[in-house]
Amino acid sequence: MKQFFRLLLVLMAGAASLHADDGYRLWLRYEPLATQAQRDYLREQIACIVAPGSSPTVEKAVAELQRGLGGLSGQPVDLRAAVPELGSFLLLATADDEALDDLELADDLDELGPEGYRIQSVERDGQTGIVIAANRDIGLLYGSFALLREVQTAHSLSHLDLASKPHIQRRLLNHWDNLTRTVERGTAGQSLWEWFQLPDYRTPRYEDYARACASVGINGVSLTNVNADALVLTPQYLEKVAALADVFRPYGIRVYLTARFSAPMELAGLDTADPLDDDVRDWWQDKVSEIYARIPDFGGFLVKANSEGQPGPQDYGRNHAEGANMLADALAPHDGIVIWRAFVYAAEEQEDRVKQAYNEFQPLDGQFRDNVAIQIKNGPLDFMPREPVHPLFGAMPETNLALELQLTQEYLGTSVQLAYLAPLYEEVLDTDTFAEGPGSTVAKVIDGSLTDRKLSVISGVANIGTDRNWTGHPLAQSNWYAYGRLAWNPELSSDQIAQEWTRMSFDRNPAVEDTLVPMLMASRETVVDYSMPLGLHHIMAWDHHYGPGPWVDQGRPDWTATYYHRADREGLGFDRTSQGSNALEQYAPELRQRWERIETTPLNLLLWFHHVPWDYRLRTGNILWDELAYRYQRGVDAVREWEQAWADLQGQIDAQRYAHVAALLKRQEKDAVQWRDAVLLYFQQFSQRPLPAGVEAPAHDLEYYQNLQEHYVPGTPSHQ
Ligand code: GCW
């Protein structure tokens, strides 16, 4: 079977265009299939498109199919008013379309819900055809993208029988975009939203963005930074927001805004933003009505409150539930929701930072309105290359819990370094919280199935900007793609997604697939190896977060590195067991038991939970110090291997993307070497041990690395 697909791939490759390619088309390239026979086959399967419906969404679906099938087959594909007498057809029909009447679909459509689709091969009066069926038009659009994906990934079109619906209702991108068009932690250019030009001019890019999102099932976009500017809630800006919402609507994408909690004071001169104050409540109610008058399908508010200097209900002695519920009450009549972030911690607080969000939110379980979701980062600290799962997952059974993932690589090398993040997302989604017994995975917590919640939300902090290729690193497009695919179906494997994305982005070239998929799959772990292995965390440079900074010990303690690594003459790591900060107490007994002892803690979380002696012998047979050094070296070695592997692809990939990635890999090697040398030299002061054989000696002394300075790293708030 494998052989067969391999052969199919080889046949379908070859037509890859090797001229310069700037990556703008993302995975929706639609380059012609390799051989005439392949193109003819596609033509035979789909000679025309029939779409009885005529909504804006159906028009987008048809346009995409014409663009896609036309491109892939090398010939235009007609649109017909009815199923033809002769020739195969592709029919797009919703449950109530008569066109479905004399076709036998495998099951009725009820099970597909509002967004799902079915794609099925059918026969009618001796004619063969393919039907995309759905309950609503948006299902037809999703089904169209799914069918195109089948062709793009070289799957056969005969005997099609696919049905799919999303596991999670609201699948958002969160843009941390400022109204000035800088992007907090964004490293792929400016914000896409041209606020000054809006609402009059709408760049075609908005629509291409929406197409890409819809192609992977993303159905919500929060436009603005969670460090919010109340200005976006003024009539002047709402008119601009409405213009974007109009572009996104046919693609099934709702717009969300970040609500600055103090907006009633800033915009209307109220003397308080107390969520229990009547004037404040009235103000928000009126504001929400005003928004819905302009944007009838407005999604709701995303709120960062009482965190990192943002205003919030605690400024008035109220708790997070009182704050969130006030906004939820204003939104409820319009079917809007509040996404309230749990990323809270305070500098003054003596408690271990990773315990603080749980301490604040867990006692509020059951107090939030039904249209509130508490949005929790995957781990309890902050998007580190690896963290254990956030203890709030599973700990608030009476509350809608949303997962926040980061696509932009704040701590994983920005758009400079290759880090395909789907394995990280998968690791989180598959983690068992044991909340309701074994099998209580994070995926089941957030899709609502574990405790029968009615609202489900997932968010990814976008890695998208005005760079021509959208994501800066040409291969970082894979994170946008993978996030959407996993948000739709958290059960997909990161490996399968990597394969899909590679086939779609490199025109089914098997040589590229053979090289790139393993590289993508190893990349996140490689970044972990050369930056923060064995459960190390938060040892990056101050403020901009790019590169190593294990020596950072000045300023706010919970923003230093020494707070987290706790290196001393004895050993390394943060003791979070019952002997230490006891962060472990926030987890289910099964996890606590596993992580309480050094011997049973997985090595990849070792130093997160334990302070381990330098000469402690790990189950690898190495003492801690040696294992640490080997991992840093392993990370560097992996990047060097990728450089080699990538070089072998020269001529197989268009020159522009080839050269861009080659240059970035070189830079990644330099950065990996710097991480290795800087961190090992720094910790060597404590371990007082030589580097083990096989680990390269640093080219410079520690002082050299400590004096290296990066200036104006893109996305750094203090530089914006
Ligand atoms: O990771 C930190 C970032 C901040 C960010 C914050 C958050 C938007 O360094 O830049 O602010 O998290 O998630 O709110």
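The values are calculated or read from the model by the stated rules, or taken from the named source; none is laboratory data. Remember, it's a predicted structure, so these values are computed and weren't measured experimentally. Here the Cβ is made from the backbone with ideal geometry for all residues, glycine too, and neighbour counts use every protein chain on show. Note: areas computed on protein heavy atoms with side chains; ligands, DNA, RNA excluded. Shrake-Rupley method; radii C 1.70, N 1.55, O 1.52, S 1.80 Å.
Among the residues making up the range 92-110, those that are assigned to a loop (DSSP other than H, G, I, E, B) and in contact (Cβ under 8 Å) with a residue 24 or more places away in the chain are A95, D97, L103, L105, A106, D107, L109.
Of everything in the range 345-364, what is aliphatic (A, V, I, L, M) and within 15 Å of the ligand (Cβ to nearest atom)? Give them in sequence order. Of everything in the range 345-364, those that are aliphatic (A, V, I, L, M) and within 15 Å of the ligand (Cβ to nearest atom) turn out to be A346, A347, V354, A357. The set of residues in the range 484-499 being open to solvent by less than 20 Å² (accessible area, probe 1.4 Å) and not hydroxyl-bearing (S, T, Y) consists of G484, L486, A487, W488, P490, I497, A498. Considering the range 286-344 alone, what residues qualify as being within 16 Å of the ligand (Cβ to nearest atom) and among the charged types (D, E, K, R)? Within the range 286-344, K304, E308, R341 qualify.
In the range 365-377, what residues are under 30 Å from M540 (Cα atoms) and either more than 16 Å from the ligand (Cβ to nearest atom) or surrounded by fewer than 24 Cβ atoms within 10 Å (Cβ to Cβ) (or both)?
Quick first cut of the range 365-377, residues under 30 Å from M540 (Cα atoms) only: 374-377.
Correct list: K377 only.
Could you check, for the range 161-177, whether at least one of its residues is without any contact (Cβ under 8 Å) to a residue 40 or more places away in the chain and surrounded by fewer than 24 Cβ atoms within 10 Å (Cβ to Cβ)? Taking every residue of the range 161-177 in turn, none turns out to be without any contact (Cβ under 8 Å) to a residue 40 or more places away in the chain and surrounded by fewer than 24 Cβ atoms within 10 Å (Cβ to Cβ).
Among the residues of the range 537-581, which ones are in contact with a Lys or Arg (Cβ under 7 Å, 6 or more places away or on another chain) and either in a loop (DSSP other than H, G, I, E, B) or basic (K, R) (or both)? Result: G573, F574, S581.
Selection within the range 527-560: residues that are hydroxyl-bearing (S, T, Y) and open to solvent by less than 10 Å² (accessible area, probe 1.4 Å). The member of this set that is nearest to the ligand (Cβ to nearest atom) is T560. Figure legend. Inter-residue proximity from the range 297-325: first residues over 18 Å from Y345 (Cα atoms) and in a helix (DSSP H, G or I), second residues more than 16 Å from the ligand (Cβ to nearest atom) and open to solvent by 10 Å² or more (accessible area, probe 1.4 Å), beta-carbon distance below 8 Å, spacing 6+ or different chains. Indicated pairs: E322/L276; N325/Q367; N325/F368; N325/R369. Restricting attention to the range 416-427, the residues being within 16 Å of the ligand (Cβ to nearest atom) and open to solvent by 10 Å² or more (accessible area, probe 1.4 Å) number 1.
Looking only at the range 217-235, decide whether some residue is under 18 Å from N463 (Cβ atoms), open to solvent by 10 Å² or more (accessible area, probe 1.4 Å) and either aromatic (F, W, Y) or within 16 Å of the ligand (Cβ to nearest atom) (or both).
Going through the range 217-235, the residues under 18 Å from N463 (Cβ atoms) turn out to be 217-218, 220-227.
With open to solvent by 10 Å² or more (accessible area, probe 1.4 Å) added as a condition, the list becomes 227.
Next, only the ones that are either aromatic (F, W, Y) or within 16 Å of the ligand (Cβ to nearest atom) (or both) stay: 227.
Yes; the residues of the range 217-235 include at least one that is under 18 Å from N463 (Cβ atoms), open to solvent by 10 Å² or more (accessible area, probe 1.4 Å) and either aromatic (F, W, Y) or within 16 Å of the ligand (Cβ to nearest atom) (or both).
Inspection of the range 452-475 finds a residue satisfying the criterion of being without any contact (Cβ under 8 Å) to a residue 60 or more places away in the chain, more than 16 Å from the ligand (Cβ to nearest atom) and open to solvent by 20 Å² or more (accessible area, probe 1.4 Å).
From the list E387, E398, E436, E426, which residue is touching a Pro at 6+ places or on another chain (Cβ under 7 Å), in contact (Cβ under 8 Å) with a residue 12 or more places away in the chain and among the charged types (D, E, K, R)? One residue alone meets the criteria, E387.
Taking the criterion of being closer than 22 Å to R170 by Cβ and surrounded by fewer than 18 Cβ atoms within 10 Å (Cβ to Cβ), would at least one residue in the range 282-292 satisfy it?
Checking the range 282-292: at least one residue is closer than 22 Å to R170 by Cβ and surrounded by fewer than 18 Cβ atoms within 10 Å (Cβ to Cβ).
Looking across the range 174-216 at every residue that is touching a Phe, Trp or Tyr at 6+ places or on another chain (Cβ under 8 Å) and on the phi > 0 side of the Ramachandran plot, the one that is nearest to the ligand (Cβ to nearest atom) is identified as R185. Looking only at the range 687-701, residues that are crowded, with 17+ Cβ neighbours inside 10 Å and touching a residue at least 60 places away in the same chain (Cβ under 8 Å) come to 3 in all. Would you be able to say whether some residue in the range 572-589 is in contact (Cβ under 8 Å) with a residue 24 or more places away in the chain, crowded, with 16+ Cβ neighbours inside 10 Å and within 16 Å of the ligand (Cβ to nearest atom)? No: zero hits. Among all positions in the range 260-267, there is at least one residue which is open to solvent by 10 Å² or more (accessible area, probe 1.4 Å), within 16 Å of the ligand (Cβ to nearest atom), out of contact with any Phe, Trp or Tyr (no Cβ under 8 Å at 6 or more places or on another chain) and more than 30 Å from P204 (Cβ to Cβ). Across the range 505-523, the qualifying residues are those that are buried (at least 24 other Cβ atoms within 10 Å of the Cβ), outside any loop (DSSP other than H, G, I, E, B) and not hydroxyl-bearing (S, T, Y), and the one among them that is nearest to the chain's Cα centre (by Cα) is L520. Look at S191 and say whether it is assigned to a loop (DSSP other than H, G, I, E, B), open to solvent by 20 Å² or more (accessible area, probe 1.4 Å), among the polar types (S, T, N, Q) and over 21 Å from T57 (Cβ atoms). No: the conditions fail for S191.
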